[in-house]
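First up is the structure itself, then whatever we jot down about it.
The values are calculated or read from the model by the stated rules, or taken from the named source; none is laboratory data. No experiment lies behind these values; they were computed from the predicted model shown. Using ideal geometry, Cβ is built from the backbone for each residue, glycine included, and neighbour counts are taken over all protein chains shown. Quick note on the areas: whole protein, heavy atoms, side chains included, nothing else; ligands and nucleic acids left out. Shrake-Rupley method; radii C 1.70, N 1.55, O 1.52, S 1.80 Å.
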Amino acid sequence: MIGDIDETLEPIFHEVVRRNRGETEFHQALREVMSSLGPALARHPKLLERKVIQRLCEPERQIIFRVPWQDDQGEVHVNRGFRVQFNSVMGPYKGGLRFHPRVYLGVIKFLAFEQIFKNALTGFAIGGGKGGADFNPKGRSDDEIMRFCQSFMTELYRHLGRLTDVPAGDAGVGTREIGWLFGQYKRLTNSYESGVITGKGLGWGGSHVRTEATGYGLVYFVQNMLEARDDDIHGKTCVVSGSGNVAIYTMEKIHALGGKVVACSDSDGVVHDPAGVDVELVKEIKEVRRGRIEEYAEHRTGSEYQADGNIWGIRCDIALPCATENELDTDGAQALIDNGCTLVAEGANMPATLEAINALHQAGVLFAPGKAANAGGVATSALEMQQNAARDMWSFEHTEQRLAAIMDNIHRCCYETAEEYGTPGNYMHGANICSFLRVGQEMVALGLT
Ligand code: GLU
């Protein structure tokens, strides 16, 4: 069953859980990876001998810091900042920053742990890290968010470097915040070191396609899954949860390839638009007005808004959870199965619970884990780093072709590894084994570090 851990690994898992109490999301991400590794370790006993798993589960460095800032009324606030530099065996730590009130060490550790494997799948020389703060940007003015970013970077800058640690955005951190973070970095260090952060604006060192990359990459991955089965996205009905950066560009690419997205959501509710979601309207509401998805139904006849609605109850062929962790549970998975959904791919990080993944597998629904399916974002960050190192800027078309080729490689690696290890079609096992072997073998090669 998905989530069951081989008996050689069970004591290691329990020891990590014991030493990291209360970090439930980290435990979940760990269980998901470990449950795939039994057969890989049986073929590569050296990795067990060299205690690669134990070393992988302990971050190389964890930084926790105070972020004081003042609101527009002059009141003082204190938040907690994090940067978990989990593993640098493949390259400098790489991973986004999340600003969200639910952020705590367990969330950042799960994200950083996932990032190790995701980044290894891209084939680029990038290690795994993640950071953020328990800051809630909702309802804050631009000036307040800028002051927060400046205070956050005033501590973080000393831990970064283009060859050390390269952050980017995640939930609550987009190009605007990256600008304020980079501006403060530049001021503190007196150096225009573009390669120290990715997700930058096009005028100041950013890469074409970075904004679209996670969503576009996800759809390329889905297209690869379908092509491997002589099928196509064309004519498929899709449901995409969320309405942030990942969801928006996922919907855009699905429509470009002839599919139809009939629903999206935010943390307050769900929009159902049987005629097909108007992606430009979602962009206007979420990116320009920074409003709520509820406004969509006010502007679009034929669509319906359900406060606290259940997006997984809407009939679809393909479901793409692009909002947040654990948004798709067993009930959601069952509703999708009952309605004839045949493919689920994760645009967010760990949006499906282990129980949900299990239910989908049992029902024969194709499932792609986030570390493979949403790797297009960080892969394009690696392309941004390449352009920064060469002081170059590639065209949109060239960059998108590179992204498509990367997603193709990731798909092939997961698909072939799943076959090789006797679980054909199980992308979760394929992604975990393929990336673990890359990281693990490099950890052995570089000695005990
Ligand atoms: N936060 C994104 C992710 O989950 C992107 C990280 C990056 O570009 O470094 O992969």
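Taking the helices alone, the chain has a mean residue ellipticity at 222 nm of -14500 deg cm²/dmol, built from -39,500 (n - 2.57) per DSSP H run of at least 4 residues and averaged over all its residues. Taking Cα centre as origin and charging only the Cβ of basic (Lys, Arg, +1) and acidic (Asp, Glu, -1) residues, the dipole magnitude of the chain rounds to 1760 debye.
Using only Cα atoms, locate the centre of region 169-191 and the centre of region 327-347, then give the distance between them in Å, rounded to an integer. Going from one Cα centre to the other spans 37 Å.
Rg then Dmax, both in Å and based on the Cα atoms of the chain: 20.8, 63. Rounded to whole numbers, the Karplus 3J(HN,Hα) couplings from phi for region 132-146 are x, 7, 7, 8, 9, x, 4, x, 8, 6, 4, 4, 5, 5, 4 Hz, using 6.51 cos²θ - 1.76 cosθ + 1.60 with θ = phi - 60°, and x at Gly and Pro.
Residues in region 124-248 average 36 Å² of solvent-accessible surface per residue, probe 1.4 Å, ligands and nucleic acids excluded. Between amide H atoms placed 1.01 Å from N, distances below 5 Å from Ala368 occur with Val344, Ala345, Glu346, all of them 5 or more places distant or on a separate chain. Its Cα centre serving as origin, region 172-267 has a Cβ charge dipole (Lys and Arg +1, Asp and Glu -1) of approximately 380 debye.
Reducing region 295-318 and region 406-449 to their Cα centroids gives an inter-centroid distance of 37 Å. Which values of log₁₀ I(q)/I(0), to two decimal places, follow from the Debye formula for region 382-449 at q = 0.25 Å⁻¹ with a uniform point scatterer at every Cα? Here the Debye-derived log intensity ratios amount to -0.95. Once Rg and the Kirkwood radius are both taken over the C-alpha atoms of region 1-107, their ratio Rg/Rh works out to 1.09.
Computed over protein heavy atoms with a 1.4 Å probe, the carbon and sulfur contribution to the accessible area of region 344-400 reaches 49%. Subtract the Cα-Cα distance of Glu287 and Tyr192 from 0.36 nm times their separation in residues, and report this length gain in nm to one decimal. Contour length minus Cα-Cα distance gives 31.4 nm. Rounded to the nearest Hz, the phi-derived 3J(HN,Hα) couplings of region 155-171 under the Karplus curve 6.51 cos²θ - 1.76 cosθ + 1.60 (θ = phi - 60°) are 8, 5, 4, 5, 9, 9, x, 5, 10, 10, 7, 10, x, 7, x, 7, 3, where x marks glycine and proline. A rounded overall shape is assigned to region 99-223, the ratio a/c of its alpha-carbon gyration tensor axes (a ≥ b ≥ c) being less than 1.5. When Rg and Dmax are taken over the Cα atoms of region 289-347, they come to 13.0, 37 Å.
Over region 259-377, Cα pairs under 8 Å with separation of 6+ residues give a relative contact order of 20 percent.
For the chain, DSSP calls about 50 percent of its internal beta bridges antiparallel.
Using C-alpha pairs below 8 Å separated by at least 6 residues, the relative contact order for the chain is 15 percent. Sorting 373-383, 6-16 by average packing, meaning the other beta carbons within 10 Å per residue, from highest down gives 373-383, 6-16.
Under 5 Å from the amide H of Lys94 lie the amide H atoms of Gly127, Gly128, Gly129, Val166, each residue being 5 or more positions distant or on a separate chain, with H modelled from the backbone and absent for Pro and chain starts. Using the empirical formula 2.2 N^0.38 Å as the baseline, the Cα radius of gyration of region 211-314 reaches a ratio of 1.04. Distance between the C-alpha centres of region 104-165 and region 218-250: 27 Å, rounded to the whole angstrom.
For a modelled paramagnetic label at Ala125, 7 Å from Cα along Cα-to-Cβ, no residue of region 388-406 is in reach, as no backbone nitrogen comes under 12 Å. Only the Cβ atoms of Lys and Arg (+1) and of Asp and Glu (-1) were treated as charged; on that basis the dipole of region 126-175 about its Cα centre amounts to roughly 120 debye. Largest first, the three principal axis extents of the alpha carbons in region 130-191 are 35, 22, 18 Å in whole numbers. Here region 44-106 was treated as a single set of alpha-carbon atoms; its pair distances binned every 5 Å from 0 give 4, 12, 18, 18, 15, 11, 8, 6, 4, 2, 2, 1, 0 percent. Using a Debye calculation, one point per C-alpha and no hydration shell, please list log10 I(q)/I(0) for region 329-385 at q = 0.22, 0.29 Å⁻¹ in order. Debye intensities relative to I(0), on a log10 scale: -0.77, -1.14. The mean accessible area for residues of region 1-94, using a 1.4 Å probe and ignoring ligands and nucleic acids, is 50 Å² per residue.
Among beta bridges from DSSP that stay inside region 61-175, the antiparallel ones total about 65%.
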